[in-house]
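Chemist: One structure, pasted below without further comment.
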Amino acid sequence: MTPLHAERGVAEFRKAYAHHRAAEGRAMSGAQLRQLPYYERGPLATQWRVRARTFDAFAQHILAPMSRRRTQVRLLDLGAGNGWLSYRAALVGAMAVAVDFRDDTVDGLGAASAYVEDGQHPFHRVVGSFDVLPIALRQFDIVVFNASLHYTLDLSVALSEAYRVLLPGGRIAILDSPFYGSDADGAEMVREKHREAAVRFGSGADALMSLPIIEYLTRARLAAASATLGLTWRRHRVWYPLWYELRPVIARLRGRRVPSRFDLWEGTVS
């Protein structure tokens with residue numbers, strides 16, 4: 001793929017993704033945005049209950065301990081979408097920067113205006129790719145991949161960029177990206193996605209399936225991609241709602257592949 005074709009592919013993906021997200025009902029009002037991730041009513045409430053558990057684990061295991069060590073935590077929110085995590089971090093006194101390659105008003109950075117208008121808990125917004133961060137060396141205490149790392153085109157590059165902007169003693173956090181116990185299960189998920197793309201994505205299927213994103217993570221993939229960085233990874237097991245925890249049991253009973261888990265992954269310099 002030439003640079004020009006790659007640029008066009010990203011632009012088409014961005015447009016189709018915003019359209020798809022709007023069709024899913026992900027555009028929210030100011031009051032709804034300020035509830036996130038504790039969104040209790042609406043068609044997406046079930047998903048947000050899962051994401052709220054991950055965020056609570058992040059706040060407990062990474063954000064709160066770092067806040068006790070730093071006068072003001074500097075947090076970089078990668079794949080920030082509408083900026084809800086940056087807003088939550090700002091609520092507890094962090095200096096947050098939200099980065100996303102989408103600036104639409106569906107649930108891209110353009111939707112974050114509702115938070116910015118609040119005025120009391122501001123955060124910065126930067127349009128850009130986390131594969132090539134427009135940020136100087138060693139700036140942040142915490143770098144968060146917010147339901148986003150599986151969208152990278154190159155896992156090693158994304159992690160290297162996160163490491164580059166991390167301050168000594170900092171942490172990399174991975175939230176809400178699909179992890180599998182084996183590559184076989186992850187690869188089967190990707191095959192299913194391609195088989196069902198036309199049904200799931202309609203007219204936007206070609207654009208949404210055009211970029212060679214990595215789609216999923218495994219412990220082995222993570223370790224291999226970060227081996228030269230000296231990062232050590234720790235999984236924080238998150239206890240999700242019962243229906244979520246029962247998914248592997250139901251899958252086995254139905255003869256299906258094992259589903260992914262989210263959980264919280266924390267990277268530190270070894």
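The values are calculated or read from the model by the stated rules, or taken from the named source; none is laboratory data. Remember, it's a predicted structure, so these values are computed and weren't measured experimentally. Heads up, the Cβs are rebuilt from the backbone with ideal geometry, glycines too, and the neighbour counts pull from every protein chain shown. Side chains are part of the model used for accessible areas, which takes the heavy atoms of the whole protein and leaves out ligands, DNA and RNA. Shrake-Rupley method; radii C 1.70, N 1.55, O 1.52, S 1.80 Å.
Chemist: For the chain, what is the mean residue ellipticity at 222 nm derived from helices alone (per DSSP H run of n ≥ 4: -39500 (n - 2.57); sum divided by total residues; nearest 500 deg cm²/dmol)? Please report the intermediate quantities before stating the final value.
Modeler: Working: 13 runs with 109 residues, N = 270.
Computed mean residue ellipticity for the chain: -11000 deg cm²/dmol.
Chemist: Let me ask something else. Accessible area per residue of the stretch 136-270 at 1.4 Å probe, in Å²?
Modeler: Working: 6500 Å² over 135 residues.
Solvent-accessible surface per residue comes out at 48 Å².
Chemist: Using a 1.4 angstrom probe on heavy atoms only, work out the carbon and sulfur share of the accessible area of the chain in %.
Modeler: On the way: 7110 of 13110 Å².
Reported share for carbon and sulfur atoms: 54 percent.
Chemist: ARG125: net charge of surrounding residues, Cβ under 12 Å, Lys/Arg +1, Asp/Glu -1, itself excluded? Before the final figure, lay out the partial values.
Modeler: Working: positive: ARG102; negative: ASP77, ASP100, ASP103.
Once all neighbours under 12 Å are counted, the net charge is -2.
Chemist: Let me ask something additional. Could you state how much accessible area THR46 has, in square angstrom rounded to the nearest 10, with a 1.4 Å probe and all protein chains kept in place?
Modeler: 70 Å²
Chemist: What number comes out for the charge environment of LEU222, summing +1 per Lys or Arg and -1 per Asp or Glu over other residues with Cβ under 13 Å away? Please list the in-between numbers first.
Modeler: On the way: positive: ARG219, ARG221, ARG234, ARG235; negative: ASP183, ASP263, GLU266.
After counting each charged neighbour, the total is +1.
Chemist: Please list the non-local residues whose amide H lies under 5 Å from the amide H of LEU264, H modeled 1.01 Å from N, same-chain partners needing a gap of 5 or more.
Modeler: Correct list: HIS236, VAL238.
Chemist: Okay, moving on. May I ask you to list the trypsin sites (Lys or Arg not before Pro) in the stretch 30-125 that are in a DSSP loop and have at most 10 other Cβ atoms within 10 Å of their Cβ? Present the calculation step by step, with values, prior to reporting the outcome.
Modeler: Values: sites: ARG34, ARG41, ARG49, ARG51, ARG53, ARG68, ARG69, ARG70, ARG74, ARG88, ARG102, ARG125; in loops: ARG41, ARG70, ARG102.
For trypsin sites (Lys or Arg not before Pro) across the stretch 30-125 that sit outside H, G, I, E and B with at most 10 neighbouring Cβ atoms in 10 Å, the list reads ARG41.
Chemist: Please give, to one decimal in nm, the separation of the simple spin-label points placed at THR268 and HIS194, each 7 Å out from Cα toward the Cβ.
Modeler: Placing both labels 7 Å beyond Cα along the Cβ direction yields 4.0 nm.
Chemist: Can you run the Rg to Rh ratio on the stretch 48-112? Use alpha carbon positions and the Kirkwood inverse-distance Rh.
Modeler: With Rg and the Kirkwood Rh in hand, the quotient comes to 1.00.
Chemist: Report the accessible area of PHE58, computed with a 1.4 Å probe over the heavy atoms of all protein chains in place, in Å² rounded to the nearest 10.
Modeler: 0 Å²
Chemist: Related question: Taking the Cβ of VAL73 as the center, what net charge do the other residues with Cβ under 14 Å away carry, scoring Lys and Arg +1 and Asp and Glu -1? Don't skip to the end; give the middle numbers.
Modeler: On the way: positive: ARG68, ARG69, ARG70, ARG74, ARG88, ARG171; negative: ASP77, ASP141.
Residues close to VAL73 contribute a combined charge of +4.
Chemist: Another one. At 0.36 nm per residue, and after removing the present C-alpha to C-alpha distance, how many nm does the segment from ARG234 to ALA45 gain when stretched out fully? Mind showing how you got there, number by number?
Modeler: On the way: separation 189, 0.36 × 189 = 68.04 nm, distance 2.84 nm.
Result for the pair: 65.2 nm of gain on full extension.
Chemist: Ordering GLU40, GLU215 from largest to smallest accessible area (1.4 angstrom probe), what's the sequence? If you can, show how the numbers build up before the last one.
Modeler: Values: GLU40 100, GLU215 20 Å².
Reading off the accessible areas and sorting them downward yields GLU40, GLU215.
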